[in-house]
Amino acid sequence: MDCLSLPCWPCCQSYPPALADHHLSSIATVASLNETVSATLPVGGNHYYQITLVESGTLTTYTQGTLNTFGQVLNEADKKFAEALDGATANNFLINVHMDPGTYFIRVSSLVPSDSGAYNLVIEFAGDNAPQEDPVTDEETFRDTLAREVALNSIVSRSDGVDTLSDARFNAGASLTDALLPANEFDENDDILIAGAVTPLETDRGKAAAIYLVIRTILADGTNIWTYRNSSGAFVPWDGVIATLQTAYEIATLGNEEVVEIFTGKLQVASHRIFLGYRLSTSGPLHYNQVGLRLDVN
């Protein structure tokens, strides 16, 4: 049968083969549970990460970055327990599978064999007997959520209507409020937690600043609705003019990173884009991301 005639034709493309005839432990990088590993995948390459589970539980692993990744979980005999082409933000894979105790390997490769690039691999494990924490909405929860999500890109600073590249950084993440797992697609009845982090310029740290939060909502008919979060926590209509944009948070002294709540609750059925920005309270340009975090609600 022709590969292209299969229902899921990408699944039968020529991925670099798993090394069934090798001991994976001899080529794998030993990784700890509940950590993030950063690496760069070469063209046509595979990366293997060895993990050890001492109890039964749920393994959640996924990549972050711009590389279009393909992931597998297997044992040294090349038995495949799970694989995924996507599921996380953008073109990153996400695997969520229940596992028994033992030694396993996570394989990371590029979905496009000719591509290479940097990525983060997040490895999370929750044992079956682990205590369940009550949902909270404090800074620690937001930080945990962000650790599972993406760095927003195309960061610019706008001054006098002109955009220039900025060294500031913004992160954003989303999850269900009662299950802190990464997601960018939700049901209309889901209660969603969205958090953001601002990493200001080094020269701006220690100074007072305002943080801005904007959501662009794209309806099924193509209509765009822009809203911003005000200091009371409400989202109000925005005309797109920078001068009318109001502050969401006033920060007396900028730290190395400022983590803030963007939204909690239900979002309407639409495709949404999340934008963050900051500006010093005294003067200076507005730093913001031109490409927003995408969240789809069905």
(request) Could you let me know the centre-to-centre spacing of the stretch 52-78 and the stretch 201-216, using Cα atoms, in angstrom? (result) 36 Å
(request) Take the alpha carbon gyration tensor of the stretch 173-284, find the square roots of its eigenvalues, order them as a ≥ b ≥ c, and report rounded if a/c is under 1.5; if not, report prolate when a/b exceeds b/c, else oblate. (result) oblate
(request) Taking all pairs of distinct Cα atoms, average 1/r, flip it, and tell me the Kirkwood hydrodynamic radius of the stretch 170-226 in Å to one decimal place. (result) 14.2 Å
(message) On a full-extension model of 0.36 nm per residue, what is the gain between V97 and N224, subtracting their alpha-carbon distance, rounded to one decimal in nm?
(response) 42.0 nm
(request) Would you please name the trypsin sites (Lys or Arg not before Pro) within the stretch 63-114 that are DSSP coil residues with at most 13 other C-beta atoms within 10 Å of their C-beta? (result) K79
(request) Please list, in chain and number order, the residues 5+ apart from G44 or on another chain whose amide H is under 5 Å from its amide H, with Hs placed from the backbone. (result) D115
(request) Please go through the stretch 15-107 and write out the GluC sites (Glu not before Pro) that DSSP classes as loop and that have at most 13 other C-beta atoms within 10 Å. (result) E55
(request) Collect residues whose amide H, placed 1.01 Å from N in the peptide plane, falls under 5 Å from the amide H of L111; neighbours closer than 5 in sequence don't count. (result) N68, T69, F70
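Every number here is computed from the coordinates shown, using simple stated rules; none is lab data. Since we're looking at a predicted model, the values are computed, not measured. With ideal geometry, Cβ positions are generated from the backbone for all residues, glycine too; neighbour counts draw on all protein chains shown.
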